[in-house]
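**Student:** I'd like to ask you about the structure that follows.
Nothing in this text is a laboratory measurement; each read-out follows from the coordinates by a stated rule. Predicted model, so just to flag it, every value in this text is computed and none were measured. So basically every Cβ, Gly included, is an ideal-geometry build from the backbone, and we count neighbours across all protein chains shown.
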Amino acid sequence: MKQEFDLAAALAGGVEGRSGAWGFIQGFAAHWAGALESGDGWAEADLAAAEERLGVRLPAALREAYLLFGRREDLTSNHDVLLGPPELYVDDAKEALVFRHENQGAASWGILLDSLQDDDPAVFIRFDLADKSAERWQGWLERLSLCFVEVVLSESVQAEVEPCDFLEADDDSIELLEENCVQLPFPAYPLGENDYATRWFLGQNALLRDDGMAILARGRTTEDLDRVRDLIPGDWLNDHR
């Protein structure tokens, strides 16, 4: 008998370190998206070419992620975009190695150059501002492997071909979310002094994200997503019932 994937338990192990993160992503992919296969990662030669072009050694966590699932756009690039090895670059200020872009160019995620020697360095985010002099790298998550867990979770609730939906959050919807779903064991982020912290919840066969502005939800089936809509009534963007 195939063992059911316990998302909450797997995530608890996934946030502890690199091996746990990759184990979680493998289990999540198999249960929610499609099992990882050998061709889902970039080749070692692709990573070596990127290192030669950039003149840097990629951190172990970045190499491991690209080798395992870096080509799986359904896990990494439904909304924001994970850059492939040929697209990695150092920002103009020579402060960070950039590996991910917000889908409209409003933000970038990177690893500070002075931490590239770490196996699992912290990840920072920089917002694209009208005043370029005000742009700076701000703390996002304390480990790159943790960031990749967040990438897979965030992209999964924004997949166009899956049962996903979006609800602008208010006090009532947040209260119903907390009453009807279980908060998952993922560290609060972004790092630093922020007015909100993104939180993850699990319903009955449904994954939900509260980022302080909206609730994003994905059900394993349309019926699972409809159950979320019924439990948290509101103007869900894709609810055409």
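**Student:** What are the residue pairs meeting all of these: first residue in segment 109-131, first residue within 13 Å of A61 (Cα to Cα), second residue of a type in the set (A, V, I, L, M) and not in a strand (DSSP E or B), Cβ atoms under 6 Å, and 6 or more apart or on different chains?
**Tutor:** So the pair list comes out as L116/V56; D119/A60; D120/A61; D120/L144; P121/L144; V123/L144.
**Student:** Which of the residues belonging to segment 223-238 are more than 12 Å from Q204 (Cα to Cα) and either of a type in the set (G, A, S) or loosely packed, with under 15 Cβ neighbours inside 10 Å (or both)?
**Tutor:** If the condition is that a residue be more than 12 Å from Q204 (Cα to Cα) and either of a type in the set (G, A, S) or loosely packed, with under 15 Cβ neighbours inside 10 Å (or both), then D230, P233, G234, D235, L237, N238 are the ones that fit.
**Student:** Between a first residue in segment 46-59 that is closer than 21 Å to S145 by Cα and in contact (Cβ under 8 Å) with a residue 60 or more places away in the chain and a second residue that is among the acidic types (D, E) and in a helix (DSSP H, G or I), which pairs have beta carbons less than 8 Å apart while being 6 or more apart in sequence or on different chains?
**Tutor:** Once the first residue is closer than 21 Å to S145 by Cα and in contact (Cβ under 8 Å) with a residue 60 or more places away in the chain and sits in segment 46-59, its partners that are among the acidic types (D, E) and in a helix (DSSP H, G or I) give R57/E51.
**Student:** If a residue counts only when it is among the aromatic types (F, W, Y), which strands (runs of 3 or more DSSP E) contained entirely in segment 51-142 have at least 2 such residues?
**Tutor:** It comes to 123-127.
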